[in-house]
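Working notes, structure below.
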Amino acid sequence: MNIHNKRLNKFLSAAFVTLIYIFLYLPIAIIVFFSFNSSKLNVVFQGFTLQWYGVMFQNGDLMSALKNTAIVAVSSVVISVFIGTLAAIGMFRYEFKGKSIVDSFLYIPIVIPEIVMGISLLAFYHILSISLGILTLILAHVTFSMPYVVVTVRSRLSGYDMSLEEAAMDLGATRMHTLTRITLPIIAPGILAGAMLALTLSLDDVIVSFFTTGVDSVTLPIYIFNKVKTGVSPDINALITVIILVTLLVMLLMRTFDARTSKKEQA
Amino acid sequence: MAQVSEKVMVELHNVDKSYGDNKVVKNLNLQIQEGEFLTMLGPSGCGKTTTLRMIAGFEDVTAGAVIIEGENVVNKPPYQRNVNTVFQNYALFPHMNVYDNIAFGLTEKKVNKEEIRQRVGEMLSLVQMDGYETRRPSQMSGGQKQRVAIARALVNRPKVLLLDEPLGALDLKLRKQMQVELKHLQRQLGITFVYVTHDQEESLTMSDRIAVMNNGVIEQIGPPDKIYNRPATKFVADFIGESNIFEASVVSINGDNLKVIFETGGAEVSASGFNQDEMVYISVRPEKLKCSIDAVPGFNLRGTVKEHIYVGSISKTIIELPNGQNLKMSLLTGTPLLPQGENVWVYWEKDDTVVLHTNEETLYNLIEQVPKIEVRV
């Protein structure tokens with residue numbers, strides 16, 4: 001083996017990795033780039049401008065879609081985290097008849113095609129004559145995100161030592177205190193991961209939302225989706241840039257939180 | 001052991017525990033005195049841990065009463081019982097440091113901060129862990145965790161401390177050291193200790209009284225020397241220390257002197273309360289067994305020296321009887337040993353035997369057939 005070959009190897013692997021990252025990030029970079037473009041078309045760059053960021057905030061439809069998305073995301077995350085965490089703890093702790101059936105039914109929303117779920121929910125709401133709107137949207141989002149919360153919380157619980165709860169009660173803690181002082185803090189990383197997953201799912205869901213939303217509860221992904229048919233306007237580029245920024249920020253925060261908790265627990 | 005008083009601190013009254021059809025604890029009656037160090041000893045699956053957990057309140061009783069300081073607590077949850085537990089796996093809260101772990105019980109009782117600080121400090125000194133306040137459980141060794149677990153329980157000043165094989169996970173040397181420390185701690189504080197272990201040596205070292213459990217019942221309860229020297233059943237004779245056990249038949253009775261015969265010979269033992277022709281067990285400790293080249297009056301038991309096993313301070317000699325039974329004899333190392341293959345007469349002092357009624361036998365055989373499952377939920 002000679003040095004020449006080694007160099008070539010090194011170069012090839014570096015090039016390969018670079019290509020992968022270009023493939024992943026170039027589309028995003030282009031969107032960000034064109035959000036500063038003074039031309040209305042995403043084809044040629046005519047000059048730098050921040051005007052689309054202003055336009056974005058004046059676009060009433062866009063802002064109401066953003067508001068709806070936020071409402072749906074926050075409500076569905078809160079509800080699915082609450083139900084999902086309790087379900088995970090209950091399923092972990094108690095043995096009951098039909099547990100395995102309940103268990104497998106829990107995973108169906110994860111594997112079922114979204115289109116099937118969307119249509120079923122639509123039919124379901126129709127039968128109950130619930131008019132479509134923000135409420136049906138929230139319920140739909142809870143339906144598909146809750147199982148993910150259960151799964152992440154349960155995986156966190158799998159290493160959980162039940163004698164910790166016995167120890168807490170032995171030391172005078174009621175069941176409620178045991179839950180709030182021992183169980184929840186220990187499984188908090190799992191709950192947080194579940195919440196993040198549910199949030200992401202809710203934020204960019206198109207298919208299920210498409211079937212379960214009403215006229216005045218259009219969410220951002222649906223709005224953008226509709227807009228794409230007539231061409232993406234630059235203010236959407238601006239909005240996407242903002243979303244990317246927020247996502248990066250949240251990821252950074254998660255990273256530091258993660259690093260802190262794992263440092264605390266280093267086994 | 002001055003603190004052991006006549007006051008009954010914990011009483012189990014006709015306690016039953018079953019999981020479905022599986023009876024784990026059967027009609028258990030036990031009184032534990034204030035300041036006493038009581039050990040529940042038995043093989044895994046004998047119900048000792050379940051019994052401890054019923055006192056703590058982690059398990060419901062199927063029937064019977066658990067009385068702590070004169071009050072039946074069977075319907076009280078663990079957090080309303082004035083007992084604390086030290087768990088086998090320590091069960092320290094991983095998201096809290098040592099200080100917060102120890103302070104947990106006091107914060108639950110809403111003790112003021114200043115007093116908590118003082119009491120946690122006292123406890124840390126008591127278990128020799130000063131300066132470890134900010135350590136996390138993951139940053140400590142097994143022995144240190146065990147000390148913190150003990151401090152966390154004792155800081156609440158419980159009337160009774162329950163210990164579930166607390167030293168099981170420690171290495172031998174540390175275990176021996178902790179045994180002594182725990183015993184000192186118990187005497188110093190005068191708290192009633194209920195200690196569960198399967199280690200018979202540990203129980204002999206530490207306890208005021210030992211309750212030997214098997215298959216959900218207490219086979220014998222008493223001070224260590226009594227349990228060792230006067231086992232009440234074949235199980236106890238077998239489980240505590242080593243025993244040479246013969247199935248024998250009583251051929252003649254003369255006062256306290258019994259002549260017995262067994263498959264491979266005959267012997268004289270001293271015991272009372274037995275009948276002519278009764279089937280009995282004769283149990284002789286290895287250190288009480290003797291052998292001689294010449295015949296010994298009263299004994300007709302021959303064997304062959306099969307091998308010597310060096311165990312440190314003592315040496316064990318295995319003597320094989322004509323029927324294949326191996327007798328264990330232990331001698332202080334340094335005592336001249338008989339050569340291997342030598343035919344010898346085996347004997348013992350009449351008073352060094354324990355004679356047991358065989359009606360235990362049927363029970364014992366039954367026990368052997370029951371699958372032994374340690375039930376922990």
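The values are calculated or read from the model by the stated rules, or taken from the named source; none is laboratory data. Remember, it's a predicted structure, so these values are computed and weren't measured experimentally. Cβ: placed from backbone, ideal geometry, glycine included. Neighbour counts: every protein chain shown. Calculation scope for accessible area: heavy atoms of the full protein, side chains included, ligands and nucleic acids excluded. Shrake-Rupley method; radii C 1.70, N 1.55, O 1.52, S 1.80 Å.
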(message) Conditions first: (1) open to solvent by less than 30 Å² (accessible area, probe 1.4 Å); (2) closer than 30 Å to A:Val149 by Cα. A:Val102 passes all but one, so which condition is the exception?
(response) (1)
(request) Could you tell me whether B:Asp130 is surrounded by fewer than 20 Cβ atoms within 10 Å (Cβ to Cβ) and within 12 Å of chain A (Cβ to nearest Cβ)? (result) no
(message) Step by step: first the residues of the stretch B:84-95, then only those that are more than 7 Å from every other protein chain (Cβ to nearest Cβ) and open to solvent by less than 20 Å² (accessible area, probe 1.4 Å), then the one that is nearest to B:Ala153 (Cα to Cα). Which residue is that?
(response) B:Val86
(message) Quick test for you: out of B:Arg81, B:Arg119, B:Arg147, pick the one residue that is touching a residue at least 12 places away in the same chain (Cβ under 8 Å) and within 13 Å of chain A (Cβ to nearest Cβ).
(response) B:Arg81
(message) Can you tell me how many residues within the stretch A:131-180 are within 14 Å of chain B (Cβ to nearest Cβ), among the hydrophobic types (A, V, I, L, M, F, W, C) and in a helix (DSSP H, G or I)?
(response) 7
(request) State all residues of the stretch B:190-202 that are within 28 Å of B:Ala63 (Cα to Cα), open to solvent by less than 30 Å² (accessible area, probe 1.4 Å) and under 14 Å from the mean Cα position of the chain (by Cα); if no residue qualifies, say none. (result) B:Phe193, B:Val194, B:Tyr195, B:Val196, B:Thr197
(request) Determine, yes or no, whether B:Ser292 is open to solvent by less than 30 Å² (accessible area, probe 1.4 Å), under 15 Å from B:Trp348 (Cα atoms), touching a helix residue (DSSP H, G or I) at 6+ places or on another chain (Cβ under 8 Å) and not hydrophobic (A, V, I, L, M, F, W, C). (result) no
(message) Can you say whether A:Arg181 is without any contact (Cβ under 8 Å) to a residue 24 or more places away in the chain and open to solvent by 50 Å² or more (accessible area, probe 1.4 Å), as far as the supplied structure shows?
(response) yes
(request) Within the stretch A:225-241, track down each residue that is free of Cβ contacts under 8 Å to residues at least 40 places away in the same chain and not in a loop (DSSP other than H, G, I, E, B). (result) A:Phe225, A:Asn226, A:Lys227, A:Val228
(message) If I ask for residues that are under 16 Å from B:Phe299 (Cβ atoms) and outside any strand (DSSP E or B), which ones from the stretch B:315-337 would you list?
(response) B:Leu321, B:Pro322, B:Gln325
(request) Mind telling me which of the residues B:Val8, B:Val61, B:Val25 ends up being open to solvent by less than 10 Å² (accessible area, probe 1.4 Å) and either touching a residue at least 40 places away in the same chain (Cβ under 8 Å) or out of contact with any Asp or Glu (no Cβ under 7 Å at 6 or more places or on another chain) (or both)? (result) B:Val25
(request) Kindly establish whether B:Phe104 is within 11 Å of another protein chain (Cβ to nearest Cβ), closer than 19 Å to B:Asp164 by Cβ, among the hydrophobic types (A, V, I, L, M, F, W, C) and within 26 Å of the chain's Cα centre (by Cα). (result) no
(request) Tell me, please, whether a residue that is in contact (Cβ under 8 Å) with a residue 40 or more places away in the chain, touching a helix residue (DSSP H, G or I) at 6+ places or on another chain (Cβ under 6 Å), in a helix (DSSP H, G or I) and of a type in the set (Ser, Thr, Tyr) can be found in the stretch A:56-67. (result) no
(request) Please verify whether the stretch A:138-157 includes one or more residues that are among the hydroxyl-bearing types (Ser, Thr, Tyr), open to solvent by 70 Å² or more (accessible area, probe 1.4 Å) and modelled with pLDDT under 90. (result) no
(request) Would you mind stating whether B:Tyr79 is open to solvent by 10 Å² or more (accessible area, probe 1.4 Å) and under 18 Å from B:Ala151 (Cα atoms)? (result) yes
(request) Test each condition in (1) surrounded by fewer than 21 Cβ atoms within 10 Å (Cβ to Cβ); (2) more than 14 Å from chain B (Cβ to nearest Cβ); (3) small (Gly, Ala, Ser); (4) assigned to a helix (DSSP H, G or I) for A:Gly194 and report the one that comes out false. (result) (1)
(message) Among (1) more than 26 Å from A:Ala168 (Cα to Cα); (2) among the charged types (D, E, K, R); (3) buried (at least 22 other Cβ atoms within 10 Å of the Cβ); (4) at pLDDT 90 or above, there is one condition B:Arg187 misses while meeting the rest; what is its number?
(response) (3)
(request) Select, from A:Val208, A:Val228, the only residue that is more than 10 Å from every other protein chain (Cβ to nearest Cβ), open to solvent by 20 Å² or more (accessible area, probe 1.4 Å) and either small (Gly, Ala, Ser) or under 28 Å from A:Phe57 (Cα atoms) (or both). (result) A:Val228
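This table checks each residue for (1) more than 24 Å from the chain's Cα centre (by Cα); (2) of a type in the set (Asp, Glu); (3) farther than 18 Å from A:Ser202 by Cα.
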residue: A:Ile79; (1), (2), (3): no, no, no
residue: A:Ile89; (1), (2), (3): no, no, yes
residue: A:Phe92; (1), (2), (3): yes, no, yes
residue: A:Lys97; (1), (2), (3): yes, no, yes
residue: A:Val102; (1), (2), (3): yes, no, yes
residue: A:Val111; (1), (2), (3): no, no, no
(message) I need every pair where a residue in the stretch B:336-350 that is touching a residue at least 24 places away in the same chain (Cβ under 8 Å) and closer than 19 Å to B:Asn244 by Cα has its Cβ under 6 Å from the Cβ of a residue that is small (Gly, Ala, Ser) and assigned to a loop (DSSP other than H, G, I, E, B), sequence separation at least 6 or different chains.
(response) B:Trp345/B:Ala295
(request) Could you tell me which numbered condition A:Asp216 fails, if it satisfies all but one of (1) among the charged types (D, E, K, R); (2) away from chain B (no Cβ under 12 Å); (3) open to solvent by less than 30 Å² (accessible area, probe 1.4 Å)? (result) (3)
